[in-house]
Amino acid sequence: GLRYIGKKFTIESFYVVALSSVLTDLFPNITITYEPILIALFAGIVGGVASVICLTAGASGGGTDFISIFLSEKKGIDAWGYILAGNIVLLVIGGLLFDFDRALYSIIYQYVITTMLGTFYKRYQQDTLLVVTTMPQEIIAKIYELTHHDATIIKGEGGYSGESKNILYSVIGRDQSDKVIKAIKDIDPAAFTNVIKTDQVNGRFYMTPKN
């Protein structure tokens, strides 16, 4: 699952290969605990970190990663939870046929990995911004500059003051939210910004292409 650009691998892919090689040789020789549930939790954390590194570098660990990436790209949803549900179904079937204890430990492992991905890999997650400001055009221009996303201006009125307000509505990638919010504060320190987690986007939503 390594990227290949032109005639050489990217530096991120080199790091993935080097780290995988070191950990593959190192971890099997180190015994931390014999407690199965702790092993499942720790393995999930390590596997989750490895998956985040791979996906961030443009590589993949294979397996169901490809299905999740395909659904996320085509449907505009964060599909890791759906993949977890599918894995749980398969593991329950395996548990009924073979060993249910090991199946349950594997479910814990899969859940931890999915939690790590949902927390640290935000490419396929979106946030909705509602910004009340007196400088709409400047903020729209900055949003477009940083994210290539547009914004819709909604005319409003202050409930207490009765003053006319401009409300900007925009959906951006969650990995872009921090820098956009900072830019909004720099342009209009008095702006009121509400960030709402967006579960699904339908329609034309620009996503920064992978290298």
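Mind checking the stretch 70-154 for chymotrypsin sites (Phe, Trp or Tyr not before Pro) that DSSP puts in a loop (not H, G, I, E or B) and that have at most 14 other Cβ atoms within 10 Å?
PHE98
Taking only protein heavy atoms and a 1.4 Å probe, what accessible area per residue, in Å², does the stretch 37-160 have with all protein chains in place?
Result: 56 Å² of accessible area for each residue.
Which of the trypsin sites (Lys or Arg not before Pro) found in the stretch 117-211 are in a DSSP loop and have at most 10 neighbouring Cβ atoms, other than their own, within 10 Å?
Hits after loop and neighbour filter: ARG204, LYS210.
Please list, or write none, the aspartates and glutamates whose alpha carbon is within less than 18 Å of the alpha carbon of LYS155, excluding same-chain residues fewer than 8 places away.
GLU138, GLU163, ASP188
Which of the pairs LYS165/LYS185; LYS142/LYS185; LYS74/LYS179; LYS122/LYS179 have their Cα atoms more than 20 Å apart in this structure?
LYS74/LYS179
Do any GluC sites (Glu not before Pro) in the stretch 94-185 lie in a DSSP loop with no more than 13 other beta carbon atoms within 10 Å, and if so, which?
Answer by residue number: GLU163.
Which shape class applies to the stretch 99-211: rounded if a/c is under 1.5, otherwise prolate when a/b exceeds b/c and oblate if not, where a ≥ b ≥ c are the square roots of the Cα gyration tensor eigenvalues?
Here the stretch 99-211 falls in the prolate category.
Read phi for every residue in the stretch 125-134 and hand back ³J(HN,Hα) as whole Hz from Karplus 6.51 cos²θ - 1.76 cosθ + 1.60, θ = phi - 60°, with x for Gly and Pro.
Along the stretch 125-134, the couplings run 10, 10, 10, 9, 9, 10, 10, 9, 8, 9 Hz.
The values are calculated or read from the model by the stated rules, or taken from the named source; none is laboratory data. This one's a predicted model, so the numbers in the text were calculated from it and none came from an experiment. Using ideal geometry, Cβ is built from the backbone for each residue, glycine included, and neighbour counts are taken over all protein chains shown. Just the protein is used for accessible areas: all its heavy atoms, side chains included, with ligands, DNA and RNA removed. Shrake-Rupley method; radii C 1.70, N 1.55, O 1.52, S 1.80 Å.
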